[in-house]
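Working notes, beginning with the structure itself.
The values are calculated or read from the model by the stated rules, or taken from the named source; none is laboratory data. Just so you know, these numbers come straight off a predicted model, no measurement behind them. Heads up, the Cβs are rebuilt from the backbone with ideal geometry, glycines too, and the neighbour counts pull from every protein chain shown.
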Amino acid sequence: MSETPGGRSATNEDGTGADAMPQAVVRPPSRLSLVWLIPLIAVAVGAWLAVKTLSERGPTVTIEFKTASGLSAGQTKVKFKDVDVGQVTAIDVGADLKTVIVTAELKHGFAEHLSENTRFWVERPRVSASGISGLDTLLSGVFIAMDPGEKGRDRRRFKGLEEPPLFSTAEPGTQFVLRSPTLGSLNIGSPVYYRQIQVGQVVGYSLDADGRAVSIEVFVSSPHDALVSGNTRFWNASGIDFSMSGAGFSVDTQSLLSVVIGGVGFDTPETIGSVTSGSPVPENFPLYASREAAHAKTYSRKERYLLFFEGSVRGLVIGAPVLLKGIDIGKVLDIQLQYSVENLAFQIPVLVEVEPDRIAIRGDSTALEGVNLVDRLVSGGLRGQLKFDSLLTGDLYVDLDVYPDAPAATVAKYGGYDVIPTIPTPLEALTTKVTDILGKLDAIPVDQIGRDLASAASGANALVNSPELKQTLDELQGTLAQVRGTAEQLNLKIAPELAKTLEEGTRALERAGSMLSTTSSFHSDMQRMFQEVSAAARSVRVMADYLERHPDALLKGKGR
């Protein structure tokens with residue numbers, strides 16, 4: 001043992017003295033090192049960022065358009081209510097080379113709004129008859145607009161609309177379907193009016209699968225959609241309704257816009273026949289041709305009859321009215337042309353549909369139970385006849401009326417329908433009378449009369465040109481010349497002497513006046529002489545008449 005400085009002794013661990021050499025102690029290394037901590041932290045941060053990015057990434061959709069005009073990958077936005085909700089990431093051409101496929105990435109949270117009812121379209125400036133839209137894209141650029149639509153089956157591939165929809169899902173209102181035989185002048189964007197106030201518009205139309213009608217979709221905005229009920233009537237308000245009545249001319253139109261692009265009007269009449277108020281809204285409404293047709297009463301009970309016409313039915317069309325005593329009770333459903341092999345003649349069956357409830361029953365209606373009213377009316381003279389609805393257009397209608405003097409007839413059956421007998425139209429009756437008159441005229445021997453007149457004219461011509469008549473005329477002309485010469489001598493020589501003689505005769509008459517009295521014998525003799533002179537004058541007149549009729553009697557004498 002030795003002492004260290006300070007008075008302490010130094011010893012080794014093994015008990016040896018301090019003068020011995022120190023020994024190293026070996027320890028095993030640690031498994032964790034601070035050098036690896038930094039990479040581990042970097043990996044954790046990257047994984048967290050990746051998970052965060054994937055969790056916040058929105059859905060990717062593909063939209064099919066006919067053209068990519070105005071669209072650009074990485075620049076064109078997808079907007080909903082003018083808010084950016086996505087961006088176009090790629091634009092490719094479709095496999096059929098007819099369309100383009102636009103790929104767009106939407107923001108996180110829009111996956112639940114993508115369904116089969118979601119709609120996409122390209123918003124760009126458009127000018128149509130209903131107005132101008134998309135002018136704001138002239139500054140902001142073209143973008144793809146989105147309408148989430150109602151909930152439905154999940155979908156990621158869509159077909160873009162060529163035209164923007166007229167209303168979005170978020171807009172309050174109700175969509176209705178109208179059925180019409182034709183589309184008329186209606187088009188997408190045509191206004192819908194209620195009491196001449198626009199409350200909606202036409203949003204689409206399609207042809208039915210069987211091709212017999214057109215389904216027209218209209219949207220009525222809230223709160224006006226509450227005005228539509230089961231009693232509501234829709235009609236085509238396009239153009240101008242022009243009518244003429246005893247009160248004068250009437251012109252009805254909704255607006256100038258409806259005249260240009262068409263329109264639909266609707267209203268709920270107070271009474272509509274057998275339809276009860278408050279009835280539920282049907283799946284589709286009929287679209288009537290005019291307001292008048294829409295407000296006309298309809299009845300559920302309808303009956304069909306046949307009428308056969310033999311004359312021309314030009315001017316009679318399907319839908320023409322059927323009138324009874326001037327009251328509209330039905331319409332024409334069908335017109336055909338048939339050829340009868342039995343009598344080798346044409347006949348035209350006309351199928352009509354009438355509404356018997358339009359005829360009010362006065363008195364005890366139970367008395368008509370079990371009685372065929374049509375049979376009774378036909379036996380009483382009920383007949384069908386075609387009449388002119390307008391002389392200007394030549395339109396015809398079927399008129400039913402009672403003719404007591406009509407020939408007896410009964411109701412027949414044909415093809416399962418009751419046949420109402422008919423009578424000719426007034427024009428046909430007039431034509432028949434004219435034909436009878438012409439037949440009687442044809443019976444007159446006009447040819448024989450013509451030959452007789454020709455023969456008489458020939459005889460008169462021979463008489464006029466005969467030499468005897470010419471000779472008689474020449475002699476008569478010579479006689480007239482002599483008479484003219486005698487008259488001249490009378491004027492020059494005999495007239496003065498005659499004047500003197502007349503003066504003397506006047507004096508003699510004055511003297512003889514006393515001799516002429518009603519009681520004298522001279523008066524009696526003169527009366528008898530005058531009677532003989534009158535008889536002679538009559539004979540001369542008869543001879544003159546005979547010579548006037550038979551001038552050749554001067555040469556041939558009097559014939560038999």
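Can you work out which of the residues in the range 125-145 that are closer than 26 Å to G263 by Cα and of a type outside the set (G, A, S) is modelled with the highest pLDDT?
Checked the range 125-145; the qualifying residue modelled with the highest pLDDT is P125.
Scanning the range 178-221 for residues that are within 17 Å of T268 (Cα to Cα) and surrounded by fewer than 15 Cβ atoms within 10 Å (Cβ to Cβ) returns R195, Q196, I197. Those strands (runs of 3 or more DSSP E) of the range 307-354 in which at least 2 residues are modelled with pLDDT of 85 or more, within 22 Å of L382 (Cα to Cα) and in the same structural domain as K413 (by TED's automatic domain parsing), considering only elements entirely within it, cover 321-324, 327-335, 345-354. Is it the case, given these coordinates, that T410 is modelled with pLDDT under 75 and over 31 Å from the mean Cα position of the chain (by Cα)? Spelling it out, it is not the case that T410 is modelled with pLDDT under 75 and over 31 Å from the mean Cα position of the chain (by Cα). You will find that of K81, K66, the residue that is in the same structural domain as F143 (by TED's automatic domain parsing), out of contact with any strand residue (DSSP E or B) (no Cβ under 6 Å at 6 or more places or on another chain), modelled with pLDDT of 80 or more and closer than 20 Å to G109 by Cα is K81 and no other. Do you know which of the residues in the range 322-345 that are closer than 17 Å to I420 by Cα and loosely packed, with under 11 Cβ neighbours inside 10 Å is nearest to the chain's Cα centre (by Cα)? Among them, the one singled out is Q336. Taking the range 355-386 as the range and being at pLDDT below 85 and either of a type in the set (A, V, I, L, M, F, W, C) or within 26 Å of the chain's Cα centre (by Cα) (or both) as the test, the residues that pass are R358, I359, A360, I361, A367, L368, V371, L373, V374. Number of residues in the range 346-356 that are crowded, with 17+ Cβ neighbours inside 10 Å, of a type outside the set (A, V, I, L, M) and out of contact with any Gly (no Cβ under 7 Å at 6 or more places or on another chain): the value is 1.
Checked against the criterion of being assigned to a strand (DSSP E or B), among the small types (G, A, S) and modelled with pLDDT under 85, the candidates S258, S243 yield just one match: S243.
Taking the conditions (1) in a loop (DSSP other than H, G, I, E, B); (2) closer than 19 Å to P165 by Cβ; (3) modelled with pLDDT of 85 or more in turn, A104 satisfies each one other than (1).
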